[in-house]
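Structure record follows, encoded as structure tokens.
The values are calculated or read from the model by the stated rules, or taken from the named source; none is laboratory data. These numbers were taken from a predicted model, which means no experiment stands behind them. Here the Cβ is made from the backbone with ideal geometry for all residues, glycine too, and neighbour counts use every protein chain on show. For accessibility, only protein heavy atoms count, side chains too; no ligands or nucleic acids. Shrake-Rupley method; radii C 1.70, N 1.55, O 1.52, S 1.80 Å.
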Amino acid sequence: ILKSKKYLLYVGRLDPVKGLISLINVWNEIIINHCDWRLIITGGDGNSGYLNVLKKNIRRLKNINLYDYTKENNDCDNFKYSNLVLTGPLYGAEKREIYKNASIFINPSNFENFGMTIAEALKYNLPVIISKNTPWDAVRSENCGWLLSDKNANLKSILNSALIKSSEELMQLGKKSSNLVKNLSPDNIALQNIKLYRNLIKLNKTE
């Protein structure tokens with residue numbers, strides 16, 4: 001992995017509910033002001049065809065330089081000029097390396113019942129950008145990331161704020177991340193999910 005740029009990392013299933021189209025569209029709007037960054041999207045679509053939907057959307061965006069690892073067979077000359085990379089699914093050592101080399105983790109899905117990849121990112125001491133509709137609302141109080149509002153209305157402003165931080169500032173935020181997952185247990189996970197569902201029930205009652 002070339003470290004000429006900092007990496008904003010998504011790891012997970014490629015699916016319409018994950019908010020990837022909105023992420024890519026916002027990336028196209030802001031990347032010209034953050035040329036030292038690269039968005040890495042890691043995951044597969046389970047042969048649903050959604051990967052091609054993403055590629056079709058990316059091709060129409062003028063500020064995106066795509067490196068398609070699933071197609072281009074590790075051509076580093078093309079990679080070093082890219083600002084968005086589709087890796088396909090990664091496993092084992094490759095997946096660990098992608099986490100270790102990231103600067104920020106993002107999951108733009110508006111709802112995650114737990115979010116194993118979020119827990120993984122926190123374990124790797126990454127500051128995270130995630131929805132407020134997850135069991136990880138302590139990200140804000142622990143100052144180790146940012147919470148997206150409903151329908152990702154604040155996605156652009158959060159990215160602009162996060163991407164101007166220095167590597168040292170991001171590392172300081174990330175050092176607090178692992179505290180959120182060090183005491184994970186099945187009981188704690190269950191309690192977090194119960195809390196989330198109770199909050200959603202309250203929200204539905206007020207609407």
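Side notes on the structure shown:
- Qualifying positions in region 124-180 - touching a helix residue (DSSP H, G or I) at 6+ places or on another chain (Cβ under 7 Å) and of a type in the set (Lys, Arg): Lys156
Conditions (1) aliphatic (A, V, I, L, M); (2) open to solvent by less than 20 Å² (accessible area, probe 1.4 Å); (3) in a helix (DSSP H, G or I), marked per residue:
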site: Tyr7; (1), (2), (3): no, yes, no
site: Glu29; (1), (2), (3): no, no, yes
site: Ile40; (1), (2), (3): yes, yes, no
site: Ile58; (1), (2), (3): yes, yes, yes
site: Ser82; (1), (2), (3): no, yes, no
site: Tyr99; (1), (2), (3): no, yes, yes
site: Ser109; (1), (2), (3): no, yes, no
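- Any hit, region 62-71, residues being among the acidic types (Asp, Glu) and either open to solvent by less than 20 Å² (accessible area, probe 1.4 Å) or over 28 Å from Ser166 (Cα atoms) (or both): yes
- The residues of region 136-160 that are out of contact with any Cys (no Cβ under 9 Å at 6 or more places or on another chain) and among the small types (Gly, Ala, Ser), listed by number, are Ser141, Gly145, Ser149, Ala153, Ser157.
- Sub-7 Å Cβ pairs linking a first residue in region 118-139 that is free of Cβ contacts under 8 Å to residues at least 60 places away in the same chain and over 17 Å from Tyr10 (Cβ atoms) to a second residue that is open to solvent by less than 10 Å² (accessible area, probe 1.4 Å) and in a helix (DSSP H, G or I), at least 6 apart or interchain, are Asn125/Gly174; Asn125/Ser177, ordered by first then second residue.
- Of all the residues in region 64-80, those that are in contact (Cβ under 8 Å) with a residue 60 or more places away in the chain and either under 17 Å from the mean Cα position of the chain (by Cα) or assigned to a helix (DSSP H, G or I) (or both) number 2.
- Residue within region 10-29 that is over 27 Å from Ser157 (Cβ atoms), small (Gly, Ala, Ser), touching a strand residue (DSSP E or B) at 6+ places or on another chain (Cβ under 7 Å) and in contact (Cβ under 8 Å) with a residue 12 or more places away in the chain present: no
- Cβ pairs under 8 Å, 6+ apart, first in region 48-63 and among the charged types (D, E, K, R), second part of a helix (DSSP H, G or I): Lys62/Asn28
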